[in-house]
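What follows is one structure encoded as C-alpha cells, with my remarks underneath.
The values are calculated or read from the model by the stated rules, or taken from the named source; none is laboratory data. Values in this document were obtained by computation on a predicted structure and should not be read as measured data. For neighbour counting, all protein chains shown are included, and Cβ atoms are generated from backbone atoms with ideal geometry for every residue, glycine included.
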Amino acid sequence: MIVSFDLDGVLMENPFIDHVFPAITARLQELWKSRTDQRAAFRKETVEASGPTEEEIWDIILNKHQAKLKAANYRAYDWDLITKETAETLGIEAEIEVAELVKKNCTPPAIKSYRDGRDLLCWLRKKDFLLLAITNGFAKYQEPVLKALALDKCFKTIITPDRLKAFKPEAKIFAGVKNKSDWWHIGDSLFMDVWGASRLGAETALVKRDLPESLTSMSPEERVSSSEGQKLLNRLATKEAARQDFQFKKEKLNPEEMRPKLIVDNLKQLKKFLV
Ligand SMILES: [Mg+2]
C-alpha cells in the first residue's frame, strides 16, 4: 500500500508565516529605506513618501503568489522568485536567499513536528508501506525542515512542485504516485489534498486538529456521514474555494470527490484503516 502525506499541518509546521515572511518584508523595507531615490522608486498610490509598510510589501508578495496560482504556475510557491519580483516592483535590488532564511529558523519552536504524526510514520514504516510526502513547498524549503525534525528519512520520495512542475491539487503532481489502486492520501486541505487525490483514485483522510466538539465522539467515518460533518465539510469547502481562486474553479467540482473517507483529529485514529 502507498500512503502519501501532506506535510504542513499534518506532520509538521514550517517557519514561513511567523519567521521567514516577516524577515523578507522587513529586509525589503530596510533596503527600500536605504535607497536614495525612494520617492521615484515606488509609486503605489496608497504608499506615503515614507515608504511602503511591511503590510504593503506583504500584499505585493501575496498578489504575486495569487497571480501565479491563477495562471496555474507552480512557481507560485517559489518564494525566491516572488521576493525578487517584489523587489523589482519596489524599485530595489535585493539578494535574499529564502532557503537560507528557512535554515536559520530550523529550530523549535519556529518549526515543529506533531507527535501523532511521528508515531504513525514509525508504525507504518514497520509495516513496510511505501511512504511519500506530497507538498506544495519547494524542496529547498521543505527538506531542511524535515531534516531538522528528523522526518526526512521516513519517506521514499518527497514530491514537490519544483520537481514535478505542478502543485496540489493538479493531477500532475500526484503523478509521482505510481500505483494509484492501493493508495491513501492524508492531508489537511479539502481542496488540495482530498479533492486533488480522491479524483485520481486515492482513499483520503482529512486531518482537522481543531474538530468541533459535536464531532469528537464520533468515529472517523461517522464524522463524514453525519449532518454535523457534512456541515463542517461544506464550511471548509466554501472557505477554501474563496482562497483558492484559480483555474480549478472553472472545472466542475464533484461534491463526492470533495468528501474524504475519514476525518481525524489525531493521526493515531488512522491506524485501524491503514492495514
Ligand atoms: Mg497542509
Take the conditions closer than 27 Å to Leu270 by Cβ, at pLDDT 95 or above and surrounded by fewer than 20 Cβ atoms within 10 Å (Cβ to Cβ) and apply them to Asp116. Does it pass?
yes
Does Glu170 satisfy being under 19 Å from the mean Cα position of the chain (by Cα) and touching a residue at least 40 places away in the same chain (Cβ under 8 Å)?
yes
Residues within the stretch 97-113 that are of a type in the set (A, V, I, L, M) and surrounded by fewer than 19 Cβ atoms within 10 Å (Cβ to Cβ), tallied:
2
Looking at the stretch 1-16, which of its residues are touching a helix residue (DSSP H, G or I) at 6+ places or on another chain (Cβ under 8 Å) and within 7 Å of the ligand (Cβ to nearest atom)?
Asp6, Leu7, Val10
Looking at Gly196, Gly187, which is the one that is modelled with pLDDT under 95 and within 19 Å of Ala133 (Cα to Cα)?
Gly196
